[in-house]
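Worksheet: the structure to be examined is printed underneath.
No lab work stands behind these numbers, since they all come straight from the coordinates. As the structure is a prediction and not an experimental result, all values here were calculated from the model. Positions of Cβ are generated from backbone atoms using ideal geometry, with glycine treated the same way; all protein chains shown enter the neighbour counts.
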Amino acid sequence: MSKGVWKIEDGEVRKAGLSHFVMMALFTGIGIVVGTFGSIAVPLGFVSAFWPGQAIQSVGSIWYGGWGGIAAFVFPIISNAISGSAALPVSLAYIPGNLAQGLIAGWAFRQFSADPRLVKASDWVNFTVWGVIVSNLIGAGWGSTVLTMFGLIAPDAHFTVFAGWFMGNAVASWILGVLMLKFVSPIVVKTKTFCKGYWA
Amino acid sequence: MAVERKMQKTIIGFVPYQSPIYALHPLVRLVIFLVTGFIPLFVEIPEVNILFLIAIIGLFIYSKVDLKKLKMYMPMVFTVGLFIFVTYLFFPIAKGEKILLYQLGAVKLYYNSIMWATCIYFRIIALLFASIFYFSTNRERDMLIAFRSLKMPFVATYFLGLSLRATGIFMEDYQIIREAEQARGLDVSDLSFVGKIKHFSMYMIPLFTLSIRRCEEISVGLYSKGTVISNKIDGRKRPDYLMSKNPVTQKDIFYSAAIVLFFLAFCSLQVFGGVFSLDNSPINIAILKLLKGG
């Protein structure tokens, strides 16, 4: 299988640097805005019916590897606090779920050499399966479990909340994720902050 | 006549220009935030969380926060309640004695379930207002000072500062794009729900392109200024301007310690004595008495 954009050319040196750190911070800032808008736009209690922040998480790790993964679990803490959609202890408990949501797509795209520009049908499948379905299954599963553990939802409502969370986030993240990958990836893969590996 | 502006726009909200709360060091304010962000989790009695909520609103007034700015959170307050009560209505919990209040077809309204929903609702609203209070009385700079006072690594606080500044830059770019669209006659209010979602997504493309360009500019700027994210040169720590202007005094440590001790004492009342359990709620006791006819 061709490695495509992930192939390190002969003599090409890739090192993590200041620009990656800056990009991670900028990406976190973008996530804060997108996450806050999503939570305030269509709030349904703790579960937003439209949380495009998940697309930022998946796409972040596809473009920026581990840097995107760090941004993925940091920005929801801040955006939840600003939008008032989750209290601090709940936001902290969400961290493993957000981290998983932020790493799975990045891992899958590198593992299966999928093109972030969504050129082939297999790239679309990879994003839909790993970046949307699997990520959101884990995220919604973890999130609804956290809500149950904090007593914020009735234990018997666990599955309903999980399903609502999954559907709401999956649709929003697929729409935004596809737009970002299709239209912004061609620019991103040419920049030096794009990570062919996990950190550079 | 010039109108006196009471609130100042920050990257993440509005804070008062003048406030008595600013007399406290940012570290003490952060400790208050952390403590008030956990206290309601140890309380089941709705009355206690309502009192906690009143205390937080009292702090808003004392801190001269314009309460009109809280209007944007009202849909959240309403939908949180709706969400909790609906889930507890359709999926009643087994906790406590089941007392059927009303039945409409297959839907049964149980007292124990609704009472528990009330506990959870006031708990989460108290937590949310504690969080909103912090962001309504602290600027980004205050947050950085507080985290650095707690000896958080420089790299982490630098990342936080840069992220918050990036939020501001992104918001500004968003505003420019929106105004440009409005100038061309786009009225978002006419769009359908699906249209609004699609439109929101379409903002991302120019915004990301601008961010990528900004990343290059900021990186080059930091590099040319000799910025080191570890804040160390030859193994030695560089002077920190923010901390030199806002040193932590003994008084601040005393206040922070006192708040933490109060928190520990409060929590131990629940953990070891169950003082704030629902069974001790006067309203719950009174209603149960009424329902059971005792």
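Before moving on, here are some points about what is shown:
- Prolate/oblate/rounded call for region B:112-182, Cα gyration tensor, a/c under 1.5 rounded: oblate
- Lysine pair number, Cα distance threshold 12 Å (strictly under), region B:1-98, separation 8 or more or different chains: 4
- The mean count of C-beta atoms from other chains within 10 Å of the C-beta of residues in B:156-167, rounded to a whole number, is 6.
- Whichever lysines have a C-alpha closer than 22 Å to that of B:Lys151, once near sequence neighbours (fewer than 8 apart) are set aside: B:Lys232, B:Lys237, B:Lys245, B:Lys251
- Whether region B:148-294 is rounded, prolate or oblate, judged on the alpha carbon gyration tensor where a/c under 1.5 counts as rounded: oblate
- Within the protein assembly as shown: Cβ-based charge dipole about Cα centre, in debye rounded to nearest 20 (Lys, Arg +1; Asp, Glu -1): 780 debye
- Rg/Rh, computed from the Cα trace of region A:14-188 with Rh as the Kirkwood radius, has the value 0.97.
- Assigned charges on the beta-carbon of Lys, Arg, Asp, Glu; chain B dipole about Cα centre (debye): 420 debye
- Förster radius 41 Å - calculated FRET efficiency between B:Leu291 and B:Tyr62 (Cβ-Cβ, nearest 0.05): 0.55
- Shown is the FRET efficiency for B:Asp234 and A:Leu18, computed with R0 = 25 Å from the Cβ-Cβ distance and rounded to the nearest 0.05: 0.85.
- Angle between chain A longest axis and helix A:135-149 axis [Cα atoms, degrees, rounded to 10]: 30 degrees
- Among A:Leu18, A:Leu181, A:Leu88, residue whose mean-square fluctuation peaks in a GNM of chain A (springs only between Cα atoms under 10 Å): A:Leu18
- One decimal place: the segment B:Leu104-B:Met7 gains 30.0 nm when fully extended, by the rule 0.36 nm per residue minus the C-alpha distance.
- Net charge contributed by nearby residues that have their C-beta within less than 15 Å of B:Ile39 (K/R +1, D/E -1): -1
- Only lysines eight or more places from A:Lys182 in sequence, or on another chain, were considered; those with a Cα closer than 24 Å are A:Lys3, A:Lys7, A:Lys120, A:Lys190, A:Lys192, A:Lys196, B:Lys196, B:Lys198.
- The alpha carbon centroids of region A:133-158 and region B:82-103 are separated by 19 Å.
- Residues in region A:161-177 that a label on B:Val194 would reach, taking backbone N under 19 Å of a point 7 Å out along Cα→Cβ: A:167-177
- Selected from A:Ile32, A:Ile70, A:Ile153 as most flexible by GNM, with chain A as the system and alpha-carbon contacts under 10 Å: A:Ile153
- Listed residues A:Ser19, A:Ser91, A:Ser61, most fluctuating in chain A (Gaussian network, C-alpha, under 10 Å): A:Ser19
- For the protein assembly as shown: rounded, prolate or oblate by the Cα gyration tensor [a/c cutoff 1.5]: oblate
- Label-point separation, B:Arg213 to A:Trp107 (7 Å along Cα→Cβ), nm: 3.7 nm
- The alpha-carbon atoms of chain B, seen along their principal axes, cover 78, 58, 48 angstrom, with the largest extent given first.
- Amide H partners (placed H, <5 Å) of B:Thr10, local residues excluded: B:Val15
- Sum of -39500 (n - 2.57) over DSSP H runs of 4+, divided by residues of the protein assembly as shown (222 nm, nearest 500): -21500 deg cm²/dmol
- Projecting the Cα positions of B:Met115, B:Ser19, B:Gln250 onto the charge dipole of chain B (unit charges on Cβ atoms of Lys, Arg, Asp and Glu, taken about the Cα centre) puts B:Gln250 furthest along the positive direction.
- Counting Cβ atoms of other protein chains within 10 Å of each residue's Cβ and taking the mean over peptide A:53-61 gives 1.
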